[in-house]
Amino acid sequence: MNLNKAFVLGNLTRDPEVRSLPSGQQVTSFSIATNRTYTDSAGQKKEDAEFHNIVCFGKLADIASRYLAKGSMVLIEGRLKTRNWQDQSGNKHYKTEIIAELLQLGPKSLGGGAGGSNRTFSRQESGAENPAANKEEIPIIEENYTPPAPEESQNSDKPETKMASFEDNAAEEIDVRDIPF
């Protein structure tokens, strides 16, 4: 059995580039930087950055182009793909990319920081009309996402059922800022 899976959590190094294939399908590409902190043999604290090329197709490409900007934090789940081509002088080039299959947006920045000023949200999403919407949520968007069908009216004869949420069972909430990476 084989497995080709990649997970990266980092910040965009540039705004996403949007293109279209000859078939009309939208393609968005961008780069993510991931940082690592370690102590070398001399006891000195060092930082290392790694850069990853990301490619999104279809609905994920549309979402990435609308909601991501330079500096935005994003979690990408996908597969590795290496392309190769020959330039005009005959040199062969290789480029390894992560083909996104799932995209999870990072927290919305406050005060117009990185990525916050380029995002457009409706009033309801921003919490202006709905105080419960002010609670920070990180949506998960899958490649083949289909929005749910509209809910039936309140006058339905079906009994109501309530499912317990993760927050109901959690003893304490995890703050993203407490994660050491």
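Only the coordinates and a few stated rules stand behind these numbers; no lab work does. Every value quoted in this text rests on a predicted model; they were computed, and no experiment measured them. No Cβ is skipped: glycine too gets one built from the backbone with ideal geometry, and neighbour counts run over all protein chains shown.
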If we keep only residues of the range 29-86 that are surrounded by 11 or more Cβ atoms within 10 Å (Cβ to Cβ) and of a type in the set (Lys, Arg), then the residue farthest from Arg19 (Cα to Cα) is Arg79
What number goes with the only condition from (1) among the aliphatic types (A, V, I, L, M); (2) assigned to a strand (DSSP E or B); (3) more than 16 Å from the chain's Cα centre (by Cα) that Ala42 does not pass?
(2)
Any idea which of (1) under 13 Å from the mean Cα position of the chain (by Cα); (2) in a strand (DSSP E or B) is the one Glu97 doesn't satisfy?
(1)
